[in-house]
1. Assess whether residue 373 counts as being modelled with pLDDT of 95 or more, farther than 26 Å from residue 48 by Cα, in a loop (DSSP other than H, G, I, E, B) and in the same structural domain as residue 66 (by TED's automatic domain parsing).
2. Looking at (1) surrounded by 24 or more Cβ atoms within 10 Å (Cβ to Cβ); (2) more than 25 Å from residue 230 (Cα to Cα); (3) in contact with a helix residue (DSSP H, G or I) (Cβ under 7 Å, 6 or more places away or on another chain), which is the one condition that is false for residue 365?
3. Look through 411, 415, 428 and report the one residue that is farther than 29 Å from residue 30 by Cβ, outside any strand (DSSP E or B), more than 22 Å from the chain's Cα centre (by Cα) and at pLDDT 95 or above.
4. Can you tell me which residue within region 288-300, out of those that are in contact with a helix residue (DSSP H, G or I) (Cβ under 6 Å, 6 or more places away or on another chain) and outside any helix (DSSP H, G or I), is modelled with the highest pLDDT?
5. Applying the selection to region 312-347, what residues are crowded, with 21+ Cβ neighbours inside 10 Å and not in a strand (DSSP E or B)?
6. Can residue 404 be described as in a loop (DSSP other than H, G, I, E, B) and farther than 30 Å from residue 128 by Cα?
7. Of the residues 372, 359, 381, which single one is in contact (Cβ under 8 Å) with a residue 12 or more places away in the chain and either surrounded by fewer than 24 Cβ atoms within 10 Å (Cβ to Cβ) or out of contact with any helix residue (DSSP H, G or I) (no Cβ under 8 Å at 6 or more places or on another chain) (or both)?
């Protein structure tokens, strides 16, 4: 092993990987091209910037996202410690103040004596030494081309989208109301701002969306491979007028205090920071032109005078076909000194990106790494990345579908109790992780 490990990209995965390497006693050089070269989605030049959302998914007991985070906490994830320190109200989700989150991470990285941060673009993968490629979904063209050369495969891509953010002072609380779905939140508070719609308002909103102008993709629309888990609302609505009511605008579990009933549809807003001075439109990723967003989203009751601090936008997401290229330790099969982590490895989501960065960092400095138990959420995520069908490989979030099924006898006993089955999967995963550690 060379005197230092190279980590390319100071996003979520790269920052976590660098920390793990340094904590293991190995010197690491962390490269970040911003601010010298920016991207279409980033707003700052800081490491570990949260771009699309400020939520790190559910903290509900016996949920797959919580199980993954609990295992990561157990294995010493620095970025989850940052998230816990930067937490803001978000129902049952781990929602953070982006600036506090990033500042925590920057402080840890810059103060660590074994971490050197270099602000420059890497256009070619280093030919010697241990390298972790964590350049993210917005990998620069020169580096992406070199990765394609290195892997012997074409660059894979799909399009991703981010939600708009509004100024909290411009929300009309005569209409909008605070509530968490079914009253559920981590601390019992009403963490979401809800903008209710009646049927006529909803249908007018749908008609406006269908008639709106979007930014053109760089490839034909019928071939634009959007990721299903982050589909723009202007694409969802094309699947039918009711699709949004069963997706990001579902009204279930939200009683409008003005009527005492569920609205016909609801747009939820989630707090962005500790100051509570901005809110993002949950699930409202969009490729609409900015002017269209302002016009149409002000049709939402409670947002008729909304001031937009950030409009939604669409961007390219680059990733490799990991099942054909990586082994179970996230190493390139043809060159084991090279590791991949984060969204470029084919995971979707902040937590999943951090998880792969944590594991790549630990694997890279372990002379005899052990496979993670398949029963764990971390082990199942790795199993998907490296063992999925390469012909139909798409980025994945952590779900119970990725974890192994319970044995036949247990499934039979719990066949009518989904919550009990999930609880048993989490219990089994926790026990496997403890045994592994």
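The values are calculated or read from the model by the stated rules, or taken from the named source; none is laboratory data. If you're wondering where the values come from, they're calculated on a predicted model, not measured in any experiment. Cβ: placed from backbone, ideal geometry, glycine included. Neighbour counts: every protein chain shown.
1. Here the answer is yes, as residue 373 does meet what is asked.
2. Just one mismatch for residue 365, condition (1).
3. 428
4. 299
5. Hits for region 312-347 are 312, 320, 322, 325, 330, 341, 342, 343, 344, 345, 346.
6. In short, yes.
7. Going through 372, 359, 381 in turn, the sole match is 372.
One line per residue, one yes/no per condition, for (1) in a helix (DSSP H, G or I); (2) farther than 30 Å from residue 276 by Cα:
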| position | (1), (2) |
| --- | --- |
| 128 | no, yes |
| 136 | no, no |
| 139 | no, yes |
| 148 | yes, yes |
